[in-house]
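Some notes on the structure that comes next.
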Amino acid sequence: MKLDFDNSQMSAHCESGVIVNMLKYYNITINEPMAFGIGSGFFFAHLPMMKVNYSPVTSFRILPGLLFSRACKNMGISYENKTFRDPQKSMDELDRVLETGTPVGLQVGVFQLPYIPQEYRMHYNMHSMIVIGKENNEYLIADSVIPGECRISHEDLMRVRYAKGTFAPKGKMFYPTKVPNEIDFKQPVINGIKKVCHDMLDIPMPIIGVKGIRYFSRRLRKWPTKNGNKIASQYLGQTILSLEEIGTGGVGYRYMYGAFLSQAADLLGREELKEISIEMGNAGNRWRDFSYIGAKNCKNRSEPEHTYDDIADILMDIADKEEKVFRKLKKIKL
Amino acid sequence: MTEESKPNIKIIDAEKIEVDLNFEITHYQMDDKGNFSHAMLKNWGSKEIVNNQSWEIVKERIAEAKEKVRTGEISPIAYYMEKCLTDIGMLSKYTGFAKWRVKRHLNPQHFKSLKEENLQKYADFFQISMPELKNIDHNSQGA
């Protein structure tokens, strides 16, 4: 069986892409920045104690799965979200839900995912995709990052659903159970914006939000003296990769969020949101500077072209810019 | 090889990997007037430099591990671990050994005294044969 599913829409981020494609199946049109904004996926966290690729983790979005559940809650969509201990049970449940004509979203690990190019198959467990059908022993997959329809065998799917390591998916599956015929996006957009303001400004932890950017800046300043130029350059390279390349739509979702704010301005009829969206875009430009100047240090690892103080200063500037944006957003009575 | 019983996809071989920098990803942009748009782009500015560096580091680690295996400082498991872009924690989770045991198996002395069945677990994960696991130069000798 195969659902009548349109997966021609490509997206930058896998999870917002899942929301866009899934709602399209239920005749609700929404674009990617909107899905990302309503799900309030914007975030920052620097986690020096967690190492991926022997480098500390810098995250520009919220935890996997949260985007979908937040977006659904905001838009009044009922959904089911399950993890399983027993792999066989998870596959049976997937088949059962698929039979009822519901596309099912899955969280999977990329390390053993067959259809992704080899160089992108890291130990990265936060990838999302939609199962849209089953033929014989093969599942049909709509992956919003890979063009076209993908196929994956029963065994392989089971393996990627039970990939191991940080943020192990544990067979996580999610699907909407009840979708309203029409959605008024005004209130969800407002809720989404408020949630992001809270996440970026009010969480009392030094590694999260705007404080997190400043913390990251302080850590980065110390990298060359503490770890040496070579390691510092390795850390910086990994940060830039996660800023620009790992499904972020460029500079860690900053442009995407700017696009959302500018759409929100049109939707709510508030001109000041448009100005804020441009400020957000300017913060994005500074992140681009960070990646551009940082990359120069990666050219020759032992002899950096720019000092790490310069790079840390850019981060401080970004933190100020983003703080301004969210303070303003918080103040506006929507 | 034991591939027939398990329909497995091939594990990454970072030593011989050919990085294709032409993979297109959707990128968002802002123009001077503050209008946002998106497009499929191959490059975001410094893609080549950063990617090259990250693969260079991986290849350096592999070469270093290979050298150490030859001089007998560490066991072949360490070399294959680097080659498959895996670390001790991941290896422990995929093979079912505790972390401290994996660390132990990286020591050549302990590696020698490993039972066949335990070695097989590593060989299965790395998708290599037993002789290859015991001797990292097995393939080049045979050829």
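Listing for the model above:
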read-out: Span-rule helices in chain A, defined as complete DSSP H runs reaching 27 Å or more along the axis (Cα) with Kyte mean at least -1.0; value: A:271-299, A:308-331
read-out: For the protein assembly as shown, projected area of the alpha-carbon convex hull averaged over all directions, nm²; value: 23.4 nm²
read-out: Degrees between helix B:47-71 axis and first principal axis of chain B (Cα, 0 to 90, nearest 10); value: 10 degrees
read-out: Selection from A:Leu220, A:Gly250, A:Leu236, by position along the positive dipole direction of the protein assembly as shown (Cβ); value: A:Leu220
read-out: Cα-based convex hull volume of segment A:29-79 per residue, rounded to whole Å³; value: 92 Å³
read-out: Computed label-point distance, nm, for sites A:Lys194 and A:Glu135 using a 7 Å Cα→Cβ extension; value: 4.8 nm
read-out: Lysine pairs within segment A:77-194, Cα separation less than 23 Å, 8 or more sequence positions apart or different chains; value: 15
read-out: Percentage relative contact order, segment A:186-331, counting C-alpha pairs under 8 Å, at least six apart; value: 32 percent
read-out: Relative contact order computed over segment B:25-134 (Cα-Cα under 8 Å; 6+ residues apart), in percent; value: 18 percent
read-out: Estimated dipole of the protein assembly as shown in Debye, rounded to 20 [Cβ of Lys and Arg +1, of Asp and Glu -1, Cα centre]; value: 1860 debye
read-out: Calculated log₁₀ intensity ratio I(q)/I(0) where the Debye formula runs over C-alpha points of segment B:25-134, q = 0.20, 0.23 Å⁻¹; value: -1.02, -1.25
read-out: Exposure proxy ranking, count of Cβ atoms within 10 Å, fewest first, for B:His105, B:His27; value: B:His27, B:His105
read-out: Cα centroid of segment A:260-291 to Cα centroid of segment A:47-94, whole Å; value: 27 Å
read-out: Theoretical ellipticity at 222 nm over chain A - DSSP helices of four or more residues, -39500 (n - 2.57) apiece, nearest 500; value: -16500 deg cm²/dmol
read-out: Listed residues B:Leu106, B:Leu21, B:Leu41, most fluctuating in chain B (Gaussian network, C-alpha, under 10 Å); value: B:Leu41
read-out: For segment A:186-331, projected area of the alpha-carbon convex hull averaged over all directions, nm²; value: 8.6 nm²
read-out: Cα centroid separation - segment B:104-143 against segment B:34-87, whole Å; value: 23 Å
read-out: Cβ-based charge dipole, the protein assembly as shown, positive-most Cα from B:Thr95, B:Ile11, A:Tyr79; value: B:Thr95
read-out: Low-density loop positions, trypsin sites (Lys or Arg not before Pro), segment A:43-138 - DSSP coil, at most 11 other Cβ in 10 Å; value: A:Arg85
read-out: Within segment A:301-334, trypsin sites (Lys or Arg not before Pro) in DSSP loop having at most 10 other beta-carbon neighbours inside 10 Å; value: A:Lys333
read-out: Residue-averaged 222 nm ellipticity for chain B, from DSSP H runs of 4+ at -39500 (n - 2.57), nearest 500; value: -15000 deg cm²/dmol
read-out: Cα-centre dipole for segment B:1-101 with unit charges at Cβ (Lys and Arg positive, Asp and Glu negative), debye to 20; value: 460 debye
read-out: Binned Cα-Cα distance frequencies in segment A:39-192 - 5 Å width, integer %; value: 2, 8, 16, 20, 19, 16, 11, 6, 2, 0
read-out: B:Lys134-A:Asp202 pseudo-label distance in nm [points 7 Å out on the Cα-to-Cβ vector]; value: 6.5 nm
read-out: In segment B:1-107, chymotrypsin sites (Phe, Trp or Tyr not before Pro) in a DSSP loop with at most 11 other beta-carbon atoms within 10 Å; value: none
read-out: Exposure rule at most 16 other beta-carbon atoms within 10 Å, DSSP loop trypsin sites (Lys or Arg not before Pro): chain B longest free segment; value: B:43-114
read-out: Dipole axis of chain A (+1 Lys, Arg; -1 Asp, Glu on Cβ), positive-most option in A:Tyr175, A:Tyr308, A:Leu140; value: A:Tyr308
read-out: Cα-centre dipole for segment A:186-331 with unit charges at Cβ (Lys and Arg positive, Asp and Glu negative), debye to 20; value: 440 debye
read-out: Inverse of mean 1/r across different Cα pairs in segment B:80-143, Kirkwood, Å; value: 12.2 Å
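No lab work stands behind these numbers, since they all come straight from the coordinates. As the structure is a computational prediction, the values presented were derived from the model and not from experiment. With ideal geometry, Cβ positions are generated from the backbone for all residues, glycine too; neighbour counts draw on all protein chains shown.
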